[in-house]
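For reference, the structure is listed below as structure tokens.
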Amino acid sequence: MQPLFKILLCHILNPKTDKSCEFVKNGALVLKRSNSGYKIVEYGKEKAILPKYASKKSIEVMDTMGKTIMPSFFDTHFHWVQDDVRLMPKKNLLQWLINYTWPYEAKFKDKKYSKMKAQKFAKELASVGTLGGACYASIHAHTVDDALKYFIGDFVVGNVLMTMESPDYLTQTKKQALKLVDKQTKKFRNEYAVTPRFAPTTHPDVMQEASKMARANNSFIQTHLSETENEIDYVMSIYKNIEGYENVKTYTDIYKKAKVLGSKTIMGHGIYLSKEELKTLSKTKTSIAHCPTSNAPVKKLGLGSGLFNFKFAEKHGVDWSLASDIGGGPFVSMFDVMQSFVSQNKEAGVKGATYTKALHRATVAGARALKMEKTSGNFESGKFANFIVVNSPKDLTGSSEKILDRIISTNKKSRKKYDKMVEQTFYRGECVFSKI
């Protein structure tokens with residue numbers, strides 16, 4: 001029988017807002033067992049916390065002193081079926097899809113292959129501390145089943161819908177696509193995301209009908225929006241010849257007309273959006289998943305799409321969270337994503353892209369995008385005990401921003417090391433990964 005209480009002795013980083021992250025040196029985090037897993041009771045200085053629980057009989061004290069804990073991550077836009085193409089040449093988004101991504105996704109038709117890759121990728125997610133997110137599978141139904149079976153944490157997964165402008169080996173009929181959505185939304189409900197790959201590959205009437213099914217079953221919706229200027233031109237050139245869409249003025253308006261937008265809709269990228277488009281997203285409460293490592297210059301292993309203007313989005317009331325966009329992004333670790341967000345904006349002379357903001361957008365904002373902010377995202381009392389353990393910097397003086405800087409920036413010149421930063425990962429108070 002597991003103890004009623006668990007207390008971790010450690011340094012604690014608790015993100016609260018874009019500008020606030022609490023740091024507790026020599027702290028204690030108290031967890032209490034519930035029917036659905038361990039939840040946060042409280043945290044504070046070890047000296048103040050431990051005496052309160054000295055008389056408890058069912059208790060385990062875990063001394064991780066010298067280590068630092070922070071909430072586990074949410075990755076709100078990634079393709080688990082693109083794991084093997086993330087380091088392929090990426091000079092052009094559309095060519096990268098045609099030459100590498102789509103042929104690789106076709107392999108997932110094989111159920112044994114899909115299962116094997118899902119088990120491998122699940123271990124990788126846990127090892128980098130990602131315990132939640134919004135994920136794209138392939139057109140094959142079992143790729144969602146496999147992901148939701150093996151991924152540890154709170155994930156929303158969807159089959160991409162590809163009914164037009166797609167290679168023969170990945171093209172569905174409208175009937176096949178909608179039959180799949182009907183089955184999956186009813187089966188998985190709020191763990192499923194209706195996933196038009198993007199407007200060029202999915203007929204608008206399919207998007208509209210599939211979005212209706214999503215709302216009927218409380219499912220999510222996810223797709224791509226305005227990742228590159230070439231993509232926008234491509235989309236608009238197609239839709240000007242589709243009946244009922246001839247006069248649509250923007251990429252966002254295509255999704256609006258197809259009834260895709262809404263409070264449970266996450267748009268990947270959203271780099272090239274006008275003021276009017278942002279107002280539309282804000283009005284419909286649609287959020288954006290920002291993918292800095294994927295959008296980074298080609299020399300930094302990205303697709304060279306451009307820099308997301310987070311201030312412009314925030315000015316117009318659009319919420320956003322951070323994401324890796326595997327395989328457009330080269331590394332699974334959200335530490336790499338956070339570092340990329342900070343460094344790219346710094347190089348561009350944009351102020352406000354701090355490590356505090358990055359952590360908030362990789363935890364609390366990610367939970368918010370997935371409607372899990374009441375149960376996950378940080379160490380507020382009553383939330384599930386989902387967290388990671390990392391090595392502490394030698395210098396623990398100064399603000400939490402400086403401490404986060406020392407933790408995150410340490411591997412910026414050797415990015416692969418970000419995948420090895422997490423010492424332990426805990427989901428609902430149980431250790432699900434450890435290299436200690």
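The values are calculated or read from the model by the stated rules, or taken from the named source; none is laboratory data. Quick caveat: nothing in here was measured; it's all calculated off a predicted structure. As a convention, Cβ positions derive from the backbone with ideal geometry for all residues, glycine included, and neighbour counts pool all protein chains shown. All accessible areas refer to the heavy atoms of the entire protein, side chains included, with ligands and DNA or RNA removed. Shrake-Rupley method; radii C 1.70, N 1.55, O 1.52, S 1.80 Å.
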* Asked: Quick one: if you stick a label point 7 Å off each Cα along the C-beta vector at E165 and Y53, how many nm between them?
  -> 5.4 nm
* Asked: So how exposed is L50, as accessible area in Å² (1.4 Å probe, rounded to 10)?
  -> 50 Å²
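Which trypsin sites (Lys or Arg not before Pro) from the range 216-265 combine a DSSP loop assignment with at most 12 other Cβ atoms within 10 Å? Walk me through the numbers before you get to the answer.
Numbers: sites: K240, K249, K256, K257, K259, K264; in loops: K240, K249, K259, K264.
Filter output for the range 216-265: K240, K249.
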* Picking from K374, K299, K19, which is most flexible by a Gaussian network model of the chain using Cα springs under 10 Å? -> K299
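Sort 219-230, 265-276, 204-215 by packing, meaning the average of other beta carbons within 10 Å per residue, with the highest value first. Mind dumping the intermediate values first?
Working: 219-230: 23.5, 265-276: 21.8, 204-215: 20.0.
The packing order, highest mean first, is 219-230, 265-276, 204-215.
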* Asked: Considering only protein heavy atoms, what is the solvent-accessible area of M421 at a probe of 1.4 Å, reported in Å² to the nearest 10?
  -> 30 Å²
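Using DSSP, restrict attention to beta bridges with both residues in the chain and report what percent are antiparallel, rounded to the nearest 5.
Working: 31 of 65 bridges.
Antiparallel: roughly 50 percent of the beta bridges in the chain.
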* Asked: Put +1 on the Cβ of each Lys and Arg and -1 on the Cβ of each Asp and Glu in the chain; which of F310, T173, G352 then has its Cα farthest toward the positive end of the dipole?
  -> G352
* Asked: Rg and Dmax of the range 217-266, Cα atoms, in Å?
  -> 11.8, 35
* Asked: At what distance in nm do the modelled label points of E246 and E347 sit from each other, each positioned 7 Å from its Cα along Cα→Cβ?
  -> 4.5 nm
* To do: First check a/c for the range 1-63, with a ≥ b ≥ c the square roots of the eigenvalues of its C-alpha gyration tensor; if it is under 1.5, answer rounded, and if not, answer prolate when a/b is larger than b/c or oblate otherwise.
  => oblate
* Which value, in debye to the nearest 20, describes the size of the charge dipole of the chain about its Cα centre when Lys and Arg Cβ atoms bear +1, Asp and Glu Cβ atoms bear -1, and nothing else is charged? -> 1060 debye
* Structure fact -> Under the 7 Å Cα-to-Cβ spin-label approximation, K120 and A216 lie apart by a distance in nanometres of 3.8 nm
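Multiply the residue separation of K45 and L4 by 0.36 nm, subtract the distance between their alpha-carbon atoms, and state the gained length in nm to one decimal.
Working: separation 41, 0.36 × 41 = 14.76 nm, distance 2.08 nm.
The span from K45 to L4 would gain 12.7 nm if fully extended.
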* To do: Express the accessible area of the range 60-167 per residue in Å², computed with a 1.4 Å probe while the remaining protein chains stay in the model.
  => 34 Å²
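How large, in percent, is the carbon and sulfur part of the accessible surface of the range 97-228 at a probe radius of 1.4 Å? Can you show the working numbers first?
Details: 2580 of 4940 Å².
Percent of accessible area from carbon and sulfur atoms in the range 97-228: 52.
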* Round to the nearest 10 and report in Å² the accessible area of C21, as given by a 1.4 Å probe over the protein chains' heavy atoms. => 10 Å²
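Averaged per residue, what accessible area in Å² does the range 313-432 show with a 1.4 Å probe, protein chains only?
37 Å²
Once you order the gyration tensor axes a ≥ b ≥ c over the Cα atoms, which shape class does the range 164-232 get: rounded for a/c under 1.5, otherwise prolate or oblate by comparing a/b with b/c?
Oblate, because a/c is 1.5 or more while a/b does not exceed b/c.
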* **Accessible surface, the range 258-301, averaged per residue in Å² (probe 1.4 Å)** => 37 Å²
* Out of T130, T397, T17, any idea which swings most in a Gaussian network model of the chain, alpha carbons joined below 10 Å? -> T397
* **Tilt relative to the chain, helix 334-347 - C-alpha long axis, 0 to 90 degrees, to 10** => 70 degrees
* To do: Quick one: what are the phi-derived ³J(HN,Hα) couplings along the range 125-140, Karplus 6.51/-1.76/1.60 with θ = phi - 60°, whole Hz, x for glycine and proline?
  => 4, 5, 6, 9, x, 8, 10, x, x, 10, 10, 9, 9, 8, 6, 7
* Asked: For the range 281-388, which whole-number percentage of the solvent-accessible area (1.4 Å probe, protein heavy atoms only) is attributable to carbon and sulfur atoms?
  -> 54 percent
* So what J values fall out for the range 63-74 if you push phi through Karplus, 6.51 cos²θ - 1.76 cosθ + 1.60 with θ = phi - 60°, rounded to Hz, Gly and Pro as x? -> 8, 10, 4, x, 9, 10, 10, 8, x, 5, 9, 10
* Asked: Hey, with R₀ at 45 Å, roughly what FRET efficiency would Q95 and N35 work out to, going by the Cβ-Cβ distance, to 0.05?
  -> 0.30
